[in-house]
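Visitor: I am attaching a structure below and will ask some questions about it afterwards.
What follows draws every value from the coordinates through simple rules; no lab data is involved. Since the model is a prediction, treat every value here as computed from it, not as a measurement. A quick note on method: Cβ atoms are made from the backbone with ideal geometry, for glycine too, and the neighbour counts reach across all protein chains shown.
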Amino acid sequence: MNKLKFILIFITSIFIYFTGNTVIGDALTIDNGDVLSGELVGVSGKVVTFKTDYAGTLYINQKKVDSLVTEADFTIIFVDGSKETRALSSNLDVEQLDIVRRGTTSVLVINTAWKSQLTISLAGTSGNNESQNFSMFSESSLLRSKSEQLLNVSQTRESTDALTTTDLLDVKYNFRWLRSSKWYTNVSVDYSYDPLNEIAWRSVIGIGGGKKFIEHSLTNLSMDVAVSAVYQSLDDFEEVSPALRVASIYGKKMFGGRVELIQQNRLLWITETNGGVIDGLFGLRFLLSNALNLDFRNNVKFETDPAKHSENTNMTYSVGIGVSF
């Protein structure tokens, strides 16, 4: 119970800290003359994403928008390929916009920089057998005109009758340097902790490249490949091995953004042992409000060479409440 209180206090503190900062006052004018006030998230795939306090996040057809006015600077890529970074004004032709992404922002304005999601899942049983299950998943993204940073952290712990049966920690960090509207150079750092499967820790550092096949306000699909080095501790010794890392990210928002499909996959092939790891995340997120959502997830991990007395495949299901900030 003390752990649960600590988690709730921690989440509340983070939420208050990140939501109590600067207020952005942008304006969007629709072709019927209505003016919306809020915050411009961006423009891509001929859809304008605009966040309001009174109607949540709106996805508006670009053809129905007459003008956009912002306080902050955005990187603007026009349909003719030209680019500039400045605030949007009413004299800008919205139809000539191809992609609009937030430009450089002061590190002090935290709530307009990193966009984050934290999901906590707790479950327990009592009676003949007592079990405690804890699952946490967080994801953060920082999108800039020439770069992207993606961070995913998941932790799962399960114990039954004072015996710990699952104790997993997985961290994935991805830095993308955009070379064009589709292609990017990629640097990835992965860290995992799974002592019950005889992996005290595993760290993967890689560099490579990737492509965005779809970049849309409602749908995104990207894939990258990296040549990597794997540092891992197995039993009582440590080793370094070359590896190949292939990863993909897919997301789709449906029903006006109220439902989001999430899918992330990664293949890590360690060439020295001629084996590897395949892990995937499949989830559905239902928006309850601007800040809260209901989250369903399934984490799958497949080891070609698992520890003794262990299965090749581990699956973890979780249902929890998520907080966006």
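Visitor: Full extension from S180 to N91: what is 0.36 nm times the residue separation minus their Cα-Cα distance, to one decimal in nm? Display every interim value, and only then the final one.
Guide: Working: separation 89, 0.36 × 89 = 32.04 nm, distance 2.69 nm.
Result for the pair: 29.4 nm of gain on full extension.
Visitor: Relative to a virtual label point 7 Å from the Cα of S241 in the Cα→beta-carbon direction, which members of the stretch 271-294 show backbone nitrogen distances below 17 Å?
Guide: The answer is 271-279, whose backbone nitrogens lie closer than 17 Å to the label point.
Visitor: Work out how far the C-alpha atoms of the stretch 22-104 reach from end to end along every principal axis, then list the three figures in whole Å, largest first.
Guide: Dimensions of the stretch 22-104 along the principal axes of its Cα atoms: 35, 30, 21 Å.
Visitor: Just flag the chymotrypsin sites (Phe, Trp or Tyr not before Pro) in the stretch 44-83 sitting in loop per DSSP whose Cβ has no more than 12 other Cβ atoms within 10 Å.
Guide: On the way: sites: F50, Y54, Y59, F74, F78; in loops: Y54.
Those satisfying the criteria are Y54.
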